[in-house]
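The values are calculated or read from the model by the stated rules, or taken from the named source; none is laboratory data. Small disclaimer: the values here were computed from a predicted structure and weren't measured. Here the Cβ positions follow ideal geometry from the backbone for every residue, glycine too, while neighbour counts run over all protein chains shown.
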Amino acid sequence: MVLNFMAAHPDEAFTATAISRSIERSSGAIANSLVTLAKRGTVRQVTDQPRRYQYVPAQDDSSATAGN
């Protein structure tokens with residue numbers, strides 16, 4: 001749910017609280033999910049106070065091999 005929300009708004013950064021209000025889930029659970037997603041590189045933390053996260057779109061690997 002968190003990843004789907006973030007992917008739907010790739011140009012914006014959100015706090016766990018802002019996401020929790022939108023998807024009606026616990027902000028603590030969302031904060032934990034954001035930390036996990038950041039470790040995987042799916043989102044990135046863009047500010048420390050308050051902690052805001054932004055979606056990191058997947059890289060298109062086809063462009064790297066297009067010249068081959």
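Of everything in the range 10-47 that is under 9 Å from the mean Cα position of the chain (by Cα), touching a residue at least 24 places away in the same chain (Cβ under 8 Å) and under 19 Å from Gln59 (Cβ atoms), the residue that is surrounded by the fewest Cβ atoms within 10 Å (Cβ to Cβ) is Pro10.
Among the helices (runs of 4 or more DSSP H) confined to the range 9-68, the ones with at least 2 residues that are at pLDDT 95 or above are located at 16-23, 27-40.
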